[in-house]
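The values are calculated or read from the model by the stated rules, or taken from the named source; none is laboratory data. Note that this is a predicted model, so its numbers are computed, not measured. FYI the Cβ positions are ideal-geometry reconstructions off the backbone, even for glycines, and counts take in every protein chain you see. Heavy atoms of the whole protein, side chains included, go into the accessibility calculation; ligands, DNA and RNA do not. Shrake-Rupley method; radii C 1.70, N 1.55, O 1.52, S 1.80 Å.
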Amino acid sequence: MENLIRNGYDEEKRDGYVVETKMKKIWSVQLDLLMELQRVCNRYNIKMFVVWGTLLGAIRHKGFIPWDDDLDVGLLREDYDKLCEIASKEFCEPYFFQTADSDRNFFIGYARLRNSDTTGIIKDNLDVEYNNGIYIDIYPLDGYPQNNLKRQIQFLMRDFYTSIGLIYYRTNYPDNVIKKGLIKCCQKIAHIVKYETILKKYYKWCTISNKNAETVGLLYHNSLCEKYYFKKRYIGNIKKMQYENCMVNVPENYDKILKSVYGDYMKFPPVKERGMWHNDQLIYDPDIPYKEYIATHNINE
């Protein structure tokens, strides 16, 4: 794989933070995934751009935030739906476009593009049948309801269908007999309706505020909803910007988006808060396919 990281894989100090060789290899895999995603989106005139910490990294660091280990992409819902429609014919091995429909062993409300020849295991999501390659997150941006009551109802229904989706195809169960029995019982009840019906209902509640929405954001976790949103008009046209050794898509009014989300975004966080984002949550190995890693390691220890 082409090295997409500036200064190669050698360990170096960036902004006072030591970036190890392994992290640079992980970044390179993620950037390769982003380049593949941009290729497909350009082919179909799908408007996509980096967001959140990745956008912040592009502006403040000209690449990855030294203490970050993921990569985020955003699309308005109509572009996201278009991408999902063509993904199965455009992304070939080792790339895998993962959604709640294409990989039903773990329910998520957005998409991930994975490299199946690598390992990027989210410990809480571990399922041996689930694709656990290193990934980038691909978020549909939906209308953020301004009315507090409507927002609470929308989020309640979103959580309801998420809960059903999470257990529908679940195959790994807790050791506790009572919890295991409860989950299996709920599965039987859930199977009264088709999985496709649950998915359709989930998307309905995620997009219910999209019509004439002035503000868009992430509507998948309550902690994210409270911070990650901005005015839809801030997206504007797409620009190209240097990111490591690549050129990535950024929204035209990135300054307004970053100020909406982070405030004084050029100011570095306290040292003690750097490098903690996915600490102990992820298992990375850029050199080993996840199936081999799971087969040869006791992950649950």
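Within segment 1-16, the set of residues being under 13 Å from G63 (Cβ atoms) and assigned to a strand (DSSP E or B) comprises E12, R14. Of all residues in segment 34-51, those being farther than 23 Å from G217 by Cα and either in contact with a strand residue (DSSP E or B) (Cβ under 8 Å, 6 or more places away or on another chain) or in contact (Cβ under 8 Å) with a residue 60 or more places away in the chain (or both) number 2. So, in segment 60-90, of the ones that are assigned to a helix (DSSP H, G or I) and either among the hydroxyl-bearing types (S, T, Y) or within 30 Å of D10 (Cα to Cα) (or both), which residue ends up most open to solvent (accessible area, probe 1.4 Å)? Ranking the qualifying residues of segment 60-90, first place goes to S88.
Screening D142 against (1) under 29 Å from N210 (Cβ atoms); (2) open to solvent by 20 Å² or more (accessible area, probe 1.4 Å); (3) in contact (Cβ under 8 Å) with a residue 40 or more places away in the chain leaves a single unmet condition, (2).
T118 passes every criterion in (1) more than 25 Å from K231 (Cβ to Cβ); (2) crowded, with 21+ Cβ neighbours inside 10 Å; (3) within 16 Å of the chain's Cα centre (by Cα) apart from (3).
If you filter segment 197-221 down to residues that are free of Cβ contacts under 8 Å to residues at least 40 places away in the same chain and not in a loop (DSSP other than H, G, I, E, B), you find that the one that is surrounded by the most Cβ atoms within 10 Å (Cβ to Cβ) is I198. For the residues L224, L218, the requirement of being in contact with a helix residue (DSSP H, G or I) (Cβ under 6 Å, 6 or more places away or on another chain) and modelled with pLDDT under 95 singles out L218.
Among the residues of segment 230-247, write down those that are open to solvent by less than 40 Å² (accessible area, probe 1.4 Å), touching a Ser or Thr at 6+ places or on another chain (Cβ under 9 Å) and of a type outside the set (S, T, Y). Listed by number, the residues that qualify are F230, E244.
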